[in-house]
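The values are calculated or read from the model by the stated rules, or taken from the named source; none is laboratory data. The structure displayed is predicted, hence computed values, not measured ones. Note that we place each Cβ from the backbone using ideal geometry, even for glycine, and neighbour counts take in every protein chain shown.
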Amino acid sequence: MWKAIVYKEWIKTRRYLFAALLLTAGFAGYGLLRLYRAVELMGAGHIWEVMVTRNAVFIDPIKFVPLLAGLLLAVVQFVPEMQRKCLKLTLHLPVPALATLGAMLVFGLAALSVLFGIGVAIVGLGPLPVIARELAGNILCTALPWFLAGMAAYLLGAWVILEPTWRLRAVNILMSLLVLRLFFLGEVPHAYDGFLPLLALFTACTASLSWISVVRFMAGRQD
């Protein structure tokens, strides 16, 4: 049964995941290309100085890409369940409803982990041939909250989409926007060093919100 659930999610999302992979890798590669081009034009010494004195990281184009990728995965994965009235059938499989929802969310998080892992590898390891390890670490530390925001956007998006009433869905959207703002408060390298573990834990906790929406759906709540 678990294989069937995973296979169903894969069929729904495989084309989107391929497109999201191209988008994430493309923007990460573009940021890396900007860095290499700057080093070629101005010299490594000058770029190092700019990165140290001005906190430049050269990967700004990818800033909101993980957020968009996570949110769109939630849309691709859960909107069909609601529009086609498939969720009710899915939750009545011979598996506990909580376990079914958990399997769907784990699939999405695993897919994003692979997707974002590739992006992190590009922005974290790609600069090493032209800049010092410490400066490459600055780039990576700047990017990590952005990729974590993608995970949060996916979980919060699922929470919003699975909510059966538009009135509460609007409230959930507002709360989600406030939460996601937390991932973009720091604009300099290492701004989240002490806060990132707590932010990751908080992101993991948002997975439970989808269950609230599902409980309301199973109780027959509607506009």
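Consider region 192-208 and keep the residues that are among the aliphatic types (A, V, I, L, M) and exposed (fewer than 14 other Cβ atoms within 10 Å of the Cβ). The one that is farthest from the chain's Cα centre (by Cα) is L198. Which condition does F58 not pass, out of (1) under 18 Å from the mean Cα position of the chain (by Cα); (2) of a type outside the set (A, V, I, L, M); (3) outside any helix (DSSP H, G or I), if it passes all the others? Condition not satisfied by F58: (1). Among the residues of region 94-105, the ones that are buried (at least 16 other Cβ atoms within 10 Å of the Cβ) and either among the aliphatic types (A, V, I, L, M) or farther than 20 Å from A219 by Cα (or both) come to 6 in all.
If you go through region 119-133 and pick out every residue that is surrounded by 14 or more Cβ atoms within 10 Å (Cβ to Cβ) and either free of Cβ contacts under 8 Å to residues at least 60 places away in the same chain or in a helix (DSSP H, G or I) (or both), you end up with 5. Of (1) over 18 Å from R216 (Cα atoms); (2) among the hydrophobic types (A, V, I, L, M, F, W, C); (3) under 12 Å from the mean Cα position of the chain (by Cα); (4) crowded, with 22+ Cβ neighbours inside 10 Å, I139 satisfies all except one. Which? Of everything listed in (1) over 18 Å from R216 (Cα atoms); (2) among the hydrophobic types (A, V, I, L, M, F, W, C); (3) under 12 Å from the mean Cα position of the chain (by Cα); (4) crowded, with 22+ Cβ neighbours inside 10 Å, I139 misses just condition (3).
Could you look through region 154-167, keep only residues that are over 23 Å from the mean Cα position of the chain (by Cα) and not basic (K, R), and pick out the one that is surrounded by the fewest Cβ atoms within 10 Å (Cβ to Cβ)? The selected residue is W166. If I filter region 35-46 for residues that are under 20 Å from F116 (Cβ atoms) and surrounded by 15 or more Cβ atoms within 10 Å (Cβ to Cβ), do I get at least one hit? Yes, the conditions are met somewhere in region 35-46. Checking V52, V76, V57, V39 one by one, the residue that is under 22 Å from L155 (Cα atoms) and out of contact with any strand residue (DSSP E or B) (no Cβ under 7 Å at 6 or more places or on another chain) is V76 and no other.
Of the candidates V76, V114, V95, the single residue that is in contact with a Phe, Trp or Tyr (Cβ under 6 Å, 6 or more places away or on another chain) and either more than 21 Å from F183 (Cα to Cα) or at pLDDT 85 or above (or both) is V76.
Of the set (1) in contact with a Ser or Thr (Cβ under 7 Å, 6 or more places away or on another chain); (2) in a helix (DSSP H, G or I); (3) among the hydrophobic types (A, V, I, L, M, F, W, C), all apply to A136 but (1). Contact map, region 69-89: first residue in a helix (DSSP H, G or I), second residue of a type in the set (K, R), Cβ cut-off under 8 Å, separation 6 or more or different chains; pairs are V76/K12; Q77/K12; P80/K12. Screening T90, T53 for residues that are of a type in the set (S, T, N, Q), exposed (fewer than 13 other Cβ atoms within 10 Å of the Cβ) and more than 18 Å from the chain's Cα centre (by Cα) leaves exactly one candidate, T53. Contact annotation: residue pairs with Cβ atoms under 7 Å, 6 or more positions apart or on different chains, pairing a residue in region 37-48 that is closer than 14 Å to P129 by Cα with a partner that is at pLDDT below 90 and part of a helix (DSSP H, G or I), are A38/I47; V39/I47. Checked against (1) of a type outside the set (F, W, Y); (2) touching a helix residue (DSSP H, G or I) at 6+ places or on another chain (Cβ under 6 Å); (3) at pLDDT 95 or above; (4) closer than 30 Å to A56 by Cβ, L128 passes all but condition (3). Remark: pairs (first residue in region 208-223, modelled with pLDDT of 85 or more; second residue not in a helix (DSSP H, G or I); Cβ separation under 8 Å; 6+ apart in sequence or on different chains) = S213/E163; S213/P164; R216/E163; R216/P164; R216/T165.
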